[in-house]
Each structure stands twice: as structure tokens, then as C-alpha cells.
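Inspection log for the structure reproduced underneath, given as C-alpha cells.
The values are calculated or read from the model by the stated rules, or taken from the named source; none is laboratory data. Model, not experiment: these values are computed from the prediction. Positions of Cβ are generated from backbone atoms using ideal geometry, with glycine treated the same way; all protein chains shown enter the neighbour counts. With ligands, DNA and RNA removed, areas are computed over all heavy atoms of the protein, side chains included. Shrake-Rupley method; radii C 1.70, N 1.55, O 1.52, S 1.80 Å.
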Amino acid sequence: MRQIVKHLTEYALVILLVPQLFVHLYYFRQAFLRGSGAWTISITLLKCGLALSCISAPALLLLAFAIRYINRERVRGLATFFTCLLSGYAMVVAWNLVVYPNFSYGWAILPVFICSAFTALFMLGTE
């Protein structure tokens, strides 16, 4: 029972924190480097991250299951990172095509890279 609660907590953290990190990294230049109204922009980004979490939750859960399977099979390191990287960029493309095109494909590379590294290291660390 304790193991199930641990895994569910890890999945919830991935589903809630990765989109928040992506949105805040994506809009960092516009929101925080300009200096004015950072609090209201931060609240708006938090809401955008929650919307992204709700919509992409099934895809993020599948990603967490895939990473857990990869780690269980002892194929670690770059395979985990590239799985996260390709899945993250595919989620950006899917968001732009299905929901609303508000993420630039070029500018999204760095936030997806950082979020993929965060997710891969988090999932590797929990094993």
C-alpha cells in the first residue's frame, strides 16, 4: 500500500509541476525580465500551467509509466532523457495543433529541454 501511495504521489508531482515549469520557463523573458506587474503575470501563468496540466494529464501519465518501465528494464540515462524530450516536444506540437497555437516551436526548445531533464532526473531519482 505504501508503494502505491508513493507512485501516485510521484505521478501527481509530474503531472502538476512539469507544465508549471514549462509555462514559467517559456514566458520568463516576457514576464519577469520586464519587471512591471510580475505578480499578476505570475498568477496568470499559474492558471495557464494548471490548464496545461489538466489537458495534458493523460499524456504525462503515459510518459511517467513509460519512464518507469524504461527504468525497470535498466535502460537508463539518455534513453530516459530522449523519451522525455520527444514526448515534451510532441505535447507542444499537439497543443498548438489541437488546442490553441500559442507556443512557438523554436522558442519552446529550451523549456522542453529543461523540463525533460527535470522529469528524467526526477524519475531516475525515485527508482
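Can you say whether residue 85 is in a helix (DSSP H, G or I), at pLDDT 90 or above, surrounded by 13 or more Cβ atoms within 10 Å (Cβ to Cβ) and not β-branched (Val, Ile, Thr), as far as the supplied structure shows?
Numbers: in a helix (DSSP H, G or I): yes; at pLDDT 90 or above: yes; surrounded by 13 or more Cβ atoms within 10 Å (Cβ to Cβ): yes; not β-branched (Val, Ile, Thr): yes.
Yes.
Within segment 88-124, the set of residues being open to solvent by 30 Å² or more (accessible area, probe 1.4 Å) and of a type outside the set (A, V, I, L, M, F, W, C) comprises 89, 100, 101, 102, 104, 105, 106.
Of the residues screened, residue 64 is one that is in contact with a helix residue (DSSP H, G or I) (Cβ under 6 Å, 6 or more places away or on another chain) and in a helix (DSSP H, G or I).
Taking the criterion of being over 10 Å from the mean Cα position of the chain (by Cα), touching a residue at least 24 places away in the same chain (Cβ under 8 Å), over 25 Å from residue 3 (Cβ atoms) and not in a helix (DSSP H, G or I), would at least one residue in segment 29-37 satisfy it? Don't jump to the end; show me each part of the working.
From segment 29-37, those over 10 Å from the mean Cα position of the chain (by Cα) are 29-37; that's our starting set.
In the following step, the residues that additionally are touching a residue at least 24 places away in the same chain (Cβ under 8 Å) were identified as none.
The answer is no; no qualifying residue exists.
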